[in-house]
Amino acid sequence: MPNLPASVISGFMVLYGLFQFLLRYTQDPCEPPPVATSIPFLGPIIGLMRKQHRYYVELWEKYHLPIYTLRMPDSRIYVVNSAALISNVQRQFKVLAFPPLEAKLSAKACASSKTAHEILMTNVNGDEGYWGYSITFHNAILPGLSPGPGLDAMNRVMVQKISASADRLEKPRTVWLYEFIEHEIALATTDSVYGPANPFKDPTVEQRFWKFRPAIMLLIMDLPMFAKEGVEAREYMVKAFTKYFESHAHNEGSTLVQVRYEHSREHKIPVEDIARYEVGNSIGILTNTVPASFWMMYHLFSDPVVLHDCRNELLKIVSDAPDANELNLRTLDISQVKNSCPILVSTLQEVLRVHTVGISTRMVMEDHMLDNKYLLTKGSTLMMPGPVQHSDKLAWGPTVNEFDHRHFVRHKDLKDNKRHNPVAFRAFGGGTTLCPGRHFASTEILAFMAIMILRFGVTPVKMKAPDEDIEVRITPGGEDKNLKWRIVVTDSEKRAPLSVEDLES
Ligand code: HEM
């Protein structure tokens, strides 16, 4: 009788050799080199599941390749690390496209109807000209998010909500910081976007939103059976948003929600699908702002130098005037914060640099030679991981792994100018899909932080670095009890320099 363990081992070796052969045989020599091949086809899946975005940074540190291939059982991912190649990818936005991917992912995450999906897929990449839902979406929503009256109005509501919430914090309070920020940002943001009938005012909608978010990855991977709770949460939100749009409550909301609704109706998207896509949009509106605010708060209140520098800048722009009741009225203009507090703005950018997890993704629409050097095959996915760009010593210098709150301050004449290459800052993506919400998100985070810095002390209950969350004590500042705060947003056509595109405009 043959030796069983020996036959299992030799069977395994044959299979392993076969997969290695298959991997090499099906990889064109002109394609970017494959990496993580020691467990053919499964190695990258295991790596990504275990390490998520850190996996890309590890592979960068190990191989230092400008571009490489990750081979999966039925697909290829090309991962681009070189800044020069990223600029090249952004110029090829028809062949290395975003709208078809966006349409596909929206259908899976939001469970839109066949009718709506067909509308999104019609001329999805603009091959027949500039018409159709998907290709015109980015420009259609700009009036709601670009610096100007629409954005100012939305910012005003958001700032008033945060300010009113701060007024209610009259006594010291112990909170879980992430949870606290999550709730404050969710309410201020959605009130400003959706107006008086904001569906998130129903606490159940807010709770369901945070349940839906972690299910998205499973839905995108076509595994709804493992995301039951998330699917139920989404359906609850869809009902709330359908009611909102059917009652035309969006007419009382921001320019953003109105232009989005109009764009959908122009393309004959059914109302229930508009509600479904709005559930997806709320992910974009909230999910990045919350972690960025959390890390900004952490860095501000855990380093006295950072806090001191930022507070000093803010104190220079607040103005005091007695109001009608002879009480002292202190005014802070958030538009001025963006343009007159370079260290505070730099702290936010450094938070986004150090803590970003964003990965820009594109679909390869046809075989393409990138930079005349690398063959990218049709149907594959291309990824540009922000964390890799943000941890590159060449772009950021030898202190790349340290948090330097002055990293982005621009010194005009100083020899020690630490100014980085702006192309390396990828927190908001770039090119045709540069985040249109960056001005809104940054204003919100800066307003929130300015109010916390000027009005409160934040100390940890136990001294430890945060893993998931951290318990803190928030204490009103102990200033003059007669002090009243007025937080305003004056008209702001001027852009805060958040991305390379803002510096150029
Ligand atoms: C700190 C907060 C935020 C960060 C870090 C962030 C980051 C990003 C990134 C990296 C992309 C590009 C994706 C790619 O190139 O593949 C993006 C796209 C986008 N973001 Fe943001 N975002 C933030 C807040 C917001 C907010 C508040 C809104 C809306 C109010 C928003 C709306 C969008 C939209 C609509 C797109 C897709 C653009 C398109 O379809 O062309 N984002 N965001």
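Numbers at a glance
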{"item": "Conditions (1) more than 19 Å from ARG438 (Cβ to Cβ); (2) touching a residue at least 60 places away in the same chain (Cβ under 8 Å); (3) of a type in the set (Asp, Glu): number failed by GLU128", "result": "(2)"}
{"item": "Pairs, first under 17 Å from ILE474 (Cα atoms) in region 439-450, second more than 7 Å from the ligand (Cβ to nearest atom) and not hydrophobic (A, V, I, L, M, F, W, C), C-beta under 6 Å, six or more apart", "result": "PHE448/SER293"}
{"item": "Answer from VAL351, VAL357, VAL400 - the residue that is within 13 Å of the ligand (Cβ to nearest atom), at negative phi and in a loop (DSSP other than H, G, I, E, B)", "result": "VAL357"}
{"item": "Tabulated pairs, region 273-294, first in a loop (DSSP other than H, G, I, E, B), second more than 9 Å from the ligand (Cβ to nearest atom) and modelled with pLDDT of 95 or more, C-beta under 7 angstrom, 6+ apart or interchain", "result": "none"}
{"item": "Wholly within region 138-228, helices (runs of 4 or more DSSP H) carrying at least 3 residues that are without any contact (Cβ under 8 Å) to a residue 40 or more places away in the chain", "result": "149-168, 177-194, 203-212"}
{"item": "Residue among SER293, SER282, SER319, SER346 that is small (Gly, Ala, Ser), assigned by TED's automatic domain parsing to the domain that holds ASN198 and either on the phi > 0 side of the Ramachandran plot or more than 16 Å from the ligand (Cβ to nearest atom) (or both)", "result": "SER319"}
{"item": "Search result, residues across region 341-385 that are of a type in the set (Ser, Thr, Tyr) and over 23 Å from LEU59 (Cα atoms)", "result": "SER346, THR347"}
{"item": "Qualifying positions in region 374-395 - modelled with pLDDT under 95, away from the ligand (no atom under 16 Å from the Cβ) and not in a loop (DSSP other than H, G, I, E, B)", "result": "LYS393, LEU394, ALA395"}
{"item": "Condition met for SER293 (within 26 Å of TYR178 (Cα to Cα), within 19 Å of the chain's Cα centre (by Cα) and modelled with pLDDT of 95 or more)", "result": "yes"}
{"item": "ASP371, sole failed condition from (1) in contact with a strand residue (DSSP E or B) (Cβ under 7 Å, 6 or more places away or on another chain); (2) at pLDDT 95 or above; (3) surrounded by fewer than 21 Cβ atoms within 10 Å (Cβ to Cβ); (4) not basic (Lys, Arg)", "result": "(1)"}
{"item": "Test result for GLU102, of a type in the set (Asp, Glu), more than 19 Å from THR377 (Cα to Cα) and surrounded by fewer than 17 Cβ atoms within 10 Å (Cβ to Cβ)", "result": "no"}
{"item": "One residue from VAL231, VAL238, VAL257 being part of a helix (DSSP H, G or I) and touching a Pro at 6+ places or on another chain (Cβ under 6 Å)", "result": "VAL231"}
{"item": "Single residue of THR122, THR69 found to be polar (S, T, N, Q), surrounded by fewer than 17 Cβ atoms within 10 Å (Cβ to Cβ) and away from the ligand (no atom under 14 Å from the Cβ)", "result": "THR122"}
{"item": "Residue check, SER87 without any contact (Cβ under 8 Å) to a residue 40 or more places away in the chain, among the hydroxyl-bearing types (Ser, Thr, Tyr) and under 19 Å from ALA424 (Cβ atoms)", "result": "no"}
{"item": "Among the residues listed as VAL193, VAL175, the single one being of a type in the set (Val, Ile, Thr) and more than 14 Å from the ligand (Cβ to nearest atom)", "result": "VAL175"}
{"item": "Some residue of region 326-337 being farther than 21 Å from ILE453 by Cα, at pLDDT below 95 and not in a helix (DSSP H, G or I)", "result": "yes"}
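Residue by residue, here is whether (1) under 22 Å from the mean Cα position of the chain (by Cα); (2) closer than 24 Å to MET154 by Cα holds:
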| site | (1), (2) |
| --- | --- |
| LYS171 | no, no |
| LEU177 | yes, no |
| PHE180 | yes, yes |
| HIS183 | yes, yes |
| GLN207 | yes, yes |
| ILE216 | yes, no |
| ALA233 | yes, no |
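The values are calculated or read from the model by the stated rules, or taken from the named source; none is laboratory data. What you see is a predicted model, and the numbers here were worked out from it, not measured in a lab. Positions of Cβ are generated from backbone atoms using ideal geometry, with glycine treated the same way; all protein chains shown enter the neighbour counts.
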